[in-house]
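For reference, the structure discussed in these notes is given below.
Derivation of every value follows stated rules applied to the coordinates shown; laboratory data play no part. Please read all numbers here as calculations on a predicted model, not as lab measurements. Neighbour counts run over all protein chains shown; Cβ positions are idealised from the backbone, glycine included.
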Amino acid sequence: MTVKDKVGRHRYIVFQIDASNGSPRKVIERLIHRLRGNIRTISLIEMEKYYGIVHVFHFELDSARGAMNTTFENVKIRTIATSGTLRKAREILQGEIERHAHMRN
């Protein structure tokens, strides 16, 4: 077992939220607060419009992805991708935002 296995490798989950009413950020913050009982390392890194990135350690990745692919407070949340680096997660996030903008035009 390596040291990284004990300490934890970082994982970043890019997600989309379908919140037509209310603030998407507040909904995600409430979801994360609720999930902290089971997923201790989950935290919101950034949020742009209806897309965002959360951080977890690798040993809680499956639980976090399962919990985030849900409907919470009548709002649908869907994970898009998982990355081991924040840089790549941000690239995916920007690509999704741009793709969504082009689809609306």
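Just a few scattered comments:
- Lys, Arg +1 and Asp, Glu -1 on Cβ, resulting dipole of region 44-85 about Cα centre, debye, nearest 20: 160
- Under 20 Å of direct C-alpha separation, and excluding same-chain neighbours fewer than eight residues apart, K76 reaches these aspartates and glutamates: D18, E29, E46, E48, D62, E96.
- Structure-based [θ]222 nm, the chain - -39500 (n - 2.57) summed over DSSP H runs of at least 4, per residue, nearest 500: -12500 deg cm²/dmol
- Dipole size of region 8-104 about its Cα centre, with +1 on Lys/Arg Cβ and -1 on Asp/Glu Cβ: approximately 120 debye, rounded to the nearest 20.
- Normalised Debye scattering of the chain at q = 0.11 Å⁻¹ gives log10 I(q)/I(0) of -0.33, counting only Cα atoms as equal scatterers and leaving out solvent.
- Here r is the Cβ-Cβ distance between R34 and E98 and R0 is 35 Å; the resulting FRET efficiency, rounded to 0.05, is 0.65.
- Length gained when the stretch E73-R87 is fully extended (0.36 nm per residue, less Cα-Cα span): 2.0 nm
- Top positive-direction residue, dipole computed over region 8-104 with Cβ charges, set Q16, A89, H58: H58
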